[in-house]
1. Where does the charge balance sit around Ala129 when Lys and Arg score +1, Asp and Glu -1, over other residues with C-beta under 12 Å from its C-beta?
2. Give the percent of DSSP beta bridges with both residues in the chain that are antiparallel, rounded to the nearest 5.
3. Add -39500 (n - 2.57) for each DSSP H run of 4 or more in the chain, then divide by its residues: what number comes out at 222 nm, to the nearest 500 deg cm²/dmol?
4. Find which of Thr113, Tyr41, His90 sits farthest along the positive direction of the dipole of the chain, computed with +1 on the beta-carbon of Lys and Arg, -1 on that of Asp and Glu, about the Cα centre.
5. Using a cut-off of under 13 Å, list every residue of the stretch 63-93 whose amide N is near the label point 7 Å from the Cα of Ser125 along the Cα-to-beta-carbon line.
6. Sort Tyr68, Tyr49 so the one with the fewest other Cβ atoms within 10 Å of its own Cβ comes first.
7. Taking 0.36 nm per intervening residue step and subtracting the Cα-Cα distance, what contour gain separates Tyr68 from Thr87 on full extension?
8. Nearest 10 degrees, 0 to 90: what angle lies between the long axis of helix 58-67 and the longest principal axis of the chain (Cα atoms)?
Amino acid sequence: MSDIKSLNRNFLKVNEIIEAHHSDPSELISILQEVQEEYRYLPEEILNYIAMAVHISPSKVFGVATFYENFSLAPKGKYIIRICDGTACHVRKSTELIVALRKKLGLTENKDTTDDLLFTLQTVSCIGACGLAPAIMINEEVHGKVTPEKAEMILEEIIKRERVNNEQ
């Protein structure tokens, strides 16, 4: 029963997004962006619903959702941690950051999101902060000259802040 209520709430928000774009198929990318912003990923049942609502084939919607790198069909954490592994960061030991953060968060190469959906860890080619190498980006905030210890402290700060927010 709670799954049905949750699904209805999901579709209500999706309807608002679709209506804001006048059910226009040419607005598909914008619709997908807003849905992903709301839910942090694009659930399959919502993609099918969008296809039906804007009168295009599900395969076209899935094609768009899988073509663009920014779209995700898997749940993502509230905090996306991007570890730069470009040349400048790599030579300054970004791989140590990757190992330390995976260990801290209980993640592996095949599992990049924590079970509580708080963190997603991604390795990226460049975040444009070469002078701050090694660098990480958490959501839109860049952290430079990061050591494994500093990265763990940043995570602890976020976890503490989340606990406080959840208690309120």
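1. Working: positive: Arg82, Arg92, Lys145; negative: Glu141.
Local charge sum for Ala129: +2.
2. On the way: 7 of 13 bridges.
If we restrict to bridges inside the chain, about 55 percent are antiparallel.
3. Details: 7 runs with 89 residues, N = 168.
So the helix-based figure for the chain works out to -16500 deg cm²/dmol.
4. Farthest towards the positive pole: His90.
5. 69, 85-87
6. Values: Tyr68 12, Tyr49 20.
Final ranking by Cβ density, sparse to dense: Tyr68, Tyr49.
7. On the way: separation 19, 0.36 × 19 = 6.84 nm, distance 2.46 nm.
Net length gain for the segment: 4.4 nm.
8. Rounded to the nearest ten degrees, it is 20.
Where a number appears in this text, it was derived from the coordinates with a stated rule and is not lab data. None of these values were measured; they are calculated from a predicted model. Here Cβ is always computed from backbone atoms with ideal geometry, including for glycine, and neighbour counts include all displayed protein chains.
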